[in-house]
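Undergrad: Encoded as structure tokens, here's the structure I'll be asking about.
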Amino acid sequence: MEQFEHVADRLTIADVLHSHCRALDRSDSALLRACYWPEAAVDYGSYRGPADAFADLVVSALTTSYELTRHCIGNTLLSIEGNRARAESYIDAAHLLPGGEREMRFAGRYLDLLEKRDGQWRLLHRQVVMDWSRNTPISDERDSEAFGDLAKGRNDERDPLHRFLAVAP
């Protein structure tokens, strides 16, 4: 039973980390807040402080500065000790600048402290570590002949995800 609980904890922590990425990319400050405990803090370099205030600040900053963002985490190493866990996750974030002519790529890591309370895991602290970043011109092909008919991602409630989630399985 203990091994099953350990696997369940790891999967639940992964869900928290992935939900955080979704919240950033879909500009969902409520979902972002749900990833953190009320007293949680973050260290994003230019902002160090309560995660609750960070949720609105980062959503506003991302929607103002970029057309779209895409945060992908991988290579997550977890250490779980009782009701606390430490995670190091590699982050690869792509940011499409307004007009779709430039892309800012961020490569770094999230150093997360999580805590389990009443069977629920959430972030207690996050520090972002930058490994490198680049800003490059791109050729936006969203409306090209090859991709013109595909549904297009958005950073608001008009993203196809919301309609998909609203339909009963």
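Undergrad: If we keep just the residues of the stretch 65-83 that are without any contact (Cβ under 8 Å) to a residue 40 or more places away in the chain, in contact with a strand residue (DSSP E or B) (Cβ under 6 Å, 6 or more places away or on another chain) and in a strand (DSSP E or B), which is farthest from Cys21 (Cα to Cα)?
TA: Applying the filter and picking the extreme gives Ser79.
Undergrad: Does Ser65 satisfy the criteria of being over 12 Å from the mean Cα position of the chain (by Cα), of a type in the set (Ser, Thr, Tyr) and either over 16 Å from Ser133 (Cβ atoms) or crowded, with 16+ Cβ neighbours inside 10 Å (or both)?
TA: No; evaluated as a whole, the condition is false for this residue.
Undergrad: Next up: Can you pull out the residues in the stretch 63-92 that are of a type in the set (A, V, I, L, M) and in contact with a helix residue (DSSP H, G or I) (Cβ under 8 Å, 6 or more places away or on another chain)?
TA: Once the filter is applied, which keeps residues that are of a type in the set (A, V, I, L, M) and in contact with a helix residue (DSSP H, G or I) (Cβ under 8 Å, 6 or more places away or on another chain), the stretch 63-92 yields Leu68, Ile73, Leu78, Ile80, Ala85, Ala87.
Undergrad: Which of the residues belonging to the stretch 1-21 are closer than 15 Å to Arg84 by Cα and over 11 Å from the mean Cα position of the chain (by Cα)?
TA: Answer for the stretch 1-21, where residues must be closer than 15 Å to Arg84 by Cα and over 11 Å from the mean Cα position of the chain (by Cα): Glu5, His6, Val7, Ala8, Asp9, Arg10, Leu11, Thr12, Ile13, Ala14.
Undergrad: Right, next: Is it the case that Ala61 is over 28 Å from His162 (Cα atoms) and either at pLDDT 95 or above or not in a strand (DSSP E or B) (or both)?
TA: It is false that Ala61 is over 28 Å from His162 (Cα atoms) and either at pLDDT 95 or above or not in a strand (DSSP E or B) (or both).
Undergrad: Among the listed residues Ala14, Ala41, Ala55, which satisfies the condition of being among the small types (Gly, Ala, Ser), buried (at least 17 other Cβ atoms within 10 Å of the Cβ) and either assigned to a helix (DSSP H, G or I) or modelled with pLDDT under 95 (or both)?
TA: Going through Ala14, Ala41, Ala55 in turn, just one is among the small types (Gly, Ala, Ser), buried (at least 17 other Cβ atoms within 10 Å of the Cβ) and either assigned to a helix (DSSP H, G or I) or modelled with pLDDT under 95 (or both): Ala55.
Undergrad: Taking into account only those residues within the stretch 136-166 that are touching a residue at least 12 places away in the same chain (Cβ under 8 Å) and surrounded by fewer than 11 Cβ atoms within 10 Å (Cβ to Cβ), which is nearest to the chain's Cα centre (by Cα)?
TA: The extreme case among them is Asp156.
The values are calculated or read from the model by the stated rules, or taken from the named source; none is laboratory data. In this text the structure is predicted, and so the values were computed from the model without any measurement. Note that we place each Cβ from the backbone using ideal geometry, even for glycine, and neighbour counts take in every protein chain shown.
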